[in-house]
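Working notes, structure below.
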Amino acid sequence: MAKLRPHFVLFGDSITQHSFANEGWGAALADLYSRKADVFLRGYSGYNTRWALLLLDKVFPKVSSSAPEVVTVFFGANDAALPDRGSQRQHVPISEYKANLHQIVSHIKGNSETTVVVLITPPPVDEVGRRVYARTTYGDKAEELPERTNEVTKLYAQACKDVAKEAGVPVIDLWSLFQQTQNWQQAYLSDGLHLTPRGNRVVFEELVNVLNCRPYLTADELPMDFPPFSEIDWKNPSSIFQAKE
């Protein structure tokens, strides 16, 4: 079956999975491209790049006719979990993280060279916010030390940017962008890691900026898949569809 609209795929961890929630960045993107592009959510809470590799053939099968026009790749928050604390099972060494990102980009580009792959760095970590969240959620069982630190996450964000430069694909540096705002911890992060509505808005606006650099992918330029109702002749409704064919 031929595609009626371009396909955008959002591939990532929980920050992507949650992006279709109220005021989420994925929902905003789907709304902006309503009737112009299909936005597919492929976010997997808790996943790191090691596990993401196991999904590549299923999420991005080698069928050229179904290759997406745009893919966001948003992993790293879990890879950056510290190996000696509560989320150690999610930790991926930084060298492997880089290699995994390269493999993800290569797989997607191998299916279609025209696919625009956009890497997104992990956001910064508010360690105080993570401790507050842990105590609120787990009470006395909460660990005293945060399972992630902003210092370590910075290294993964830089690795993501390095991969983007090496692979020749655009990148959104959330780690740096968020910290340009005063009180970014409360403004952009709901629990020290996941995004508030304002944080989601930043991701959405930055992604739209990337797409707007490619006029053929802008919401203004992409056509609607079928004529607006105002153009339909109510006495002979099929005529406009026959004319379009």
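Closer than 18 Å to ILE120 by Cβ, of a type in the set (Asp, Glu) and part of a loop (DSSP other than H, G, I, E, B): which single residue out of ASP84, ASP79 fits that description?
Working: ASP84 fails: closer than 18 Å to ILE120 by Cβ.
That would be ASP79, the only listed residue that is closer than 18 Å to ILE120 by Cβ, of a type in the set (Asp, Glu) and part of a loop (DSSP other than H, G, I, E, B).
Would you confirm whether or not the stretch 72-82 contains a residue that is of a type in the set (A, V, I, L, M, F, W, C) and at pLDDT below 95? Scanning the stretch 72-82 turns up at least one residue that is of a type in the set (A, V, I, L, M, F, W, C) and at pLDDT below 95.
Look at the stretch 16-31 and say how many of its residues are buried (at least 17 other Cβ atoms within 10 Å of the Cβ) and either closer than 13 Å to ARG201 by Cβ or in contact with a Gly (Cβ under 8 Å, 6 or more places away or on another chain) (or both).
Filtering the stretch 16-31 down to residues buried (at least 17 other Cβ atoms within 10 Å of the Cβ) leaves 16-20, 24-30.
Okay, now just the ones that are also either closer than 13 Å to ARG201 by Cβ or in contact with a Gly (Cβ under 8 Å, 6 or more places away or on another chain) (or both), so 16-20, 24-29.
Matching residues across the stretch 16-31 total 11.
Listed by first and then second residue, the pairs linking a residue in the stretch 97-112 that is closer than 15 Å to THR72 by Cβ to a residue that is among the acidic types (Asp, Glu) and part of a helix (DSSP H, G or I), with Cβ atoms under 7 Å apart and 6 or more places separating them unless they lie on different chains, form an empty list.
Kindly check whether there is at least one residue in the stretch 194-204 that is among the polar types (S, T, N, Q), at pLDDT below 95 and either more than 16 Å from VAL70 (Cβ to Cβ) or surrounded by fewer than 20 Cβ atoms within 10 Å (Cβ to Cβ) (or both). The answer is no, given that none of the residues of the stretch 194-204 is among the polar types (S, T, N, Q), at pLDDT below 95 and either more than 16 Å from VAL70 (Cβ to Cβ) or surrounded by fewer than 20 Cβ atoms within 10 Å (Cβ to Cβ) (or both).
Scoring LEU41 on the criteria (1) assigned to a strand (DSSP E or B); (2) touching a residue at least 40 places away in the same chain (Cβ under 8 Å) leaves a single failure, condition (2). When the criteria are applied in full, ASN200 fails the requirement of being polar (S, T, N, Q), farther than 17 Å from ASP38 by Cα and assigned to a loop (DSSP other than H, G, I, E, B). Within the stretch 66-76, is there a residue that is surrounded by fewer than 21 Cβ atoms within 10 Å (Cβ to Cβ), more than 19 Å from the chain's Cα centre (by Cα) and more than 13 Å from GLY12 (Cβ to Cβ)? Within the stretch 66-76, one or more residues are surrounded by fewer than 21 Cβ atoms within 10 Å (Cβ to Cβ), more than 19 Å from the chain's Cα centre (by Cα) and more than 13 Å from GLY12 (Cβ to Cβ).
When the residues of the stretch 54-65 are filtered to those that are surrounded by 14 or more Cβ atoms within 10 Å (Cβ to Cβ) and touching a helix residue (DSSP H, G or I) at 6+ places or on another chain (Cβ under 6 Å), which remaining residue is nearest to ILE94 (Cα to Cα)?
Step one: filter the stretch 54-65 for residues surrounded by 14 or more Cβ atoms within 10 Å (Cβ to Cβ), giving 55-56, 59-60.
Pick out the ones that are also touching a helix residue (DSSP H, G or I) at 6+ places or on another chain (Cβ under 6 Å) and you get 56, 60.
Working: LEU56: 20, PHE60: 24 Å.
Here the residue is LEU56.
Okay, residues lined up against (1) within 16 Å of the chain's Cα centre (by Cα); (2) closer than 28 Å to LEU189 by Cα; (3) at pLDDT below 95:
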residue	(1), (2), (3)
MET1	no, no, yes
LEU4	no, no, yes
HIS7	yes, no, no
PHE11	yes, yes, no
SER14	yes, yes, no
SER19	yes, yes, no
ARG42	yes, yes, no
TYR47	yes, yes, no
ARG50	no, yes, no
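In the stretch 53-66, the residues that are in a loop (DSSP other than H, G, I, E, B) form Cβ pairs under 6 Å with partners that are hydrophobic (A, V, I, L, M, F, W, C), at six or more places apart or across chains, as follows: PHE60/ILE108. For the stretch 198-223, the candidate set comprises residues that are touching a residue at least 60 places away in the same chain (Cβ under 8 Å) and more than 15 Å from the chain's Cα centre (by Cα); within that set, the residue that is farthest from ALA159 (Cα to Cα) is PRO223.
Per-residue answers, yes or no, for (1) assigned to a helix (DSSP H, G or I); (2) among the hydrophobic types (A, V, I, L, M, F, W, C); (3) modelled with pLDDT under 95:
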{"site": "SER95", "(1), (2), (3)": "yes, no, no"}
{"site": "THR136", "(1), (2), (3)": "yes, no, yes"}
{"site": "THR153", "(1), (2), (3)": "yes, no, no"}
{"site": "CYS160", "(1), (2), (3)": "yes, yes, no"}
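Please go through the stretch 4-15 and pick out each residue that is of a type in the set (A, V, I, L, M, F, W, C), crowded, with 17+ Cβ neighbours inside 10 Å and not in a strand (DSSP E or B).
ILE15, the sole residue that qualifies.
The values are calculated or read from the model by the stated rules, or taken from the named source; none is laboratory data. If you're wondering where the values come from, they're calculated on a predicted model, not measured in any experiment. Cβ atoms come from the backbone with ideal geometry, glycine included; neighbour counts cover every protein chain shown.
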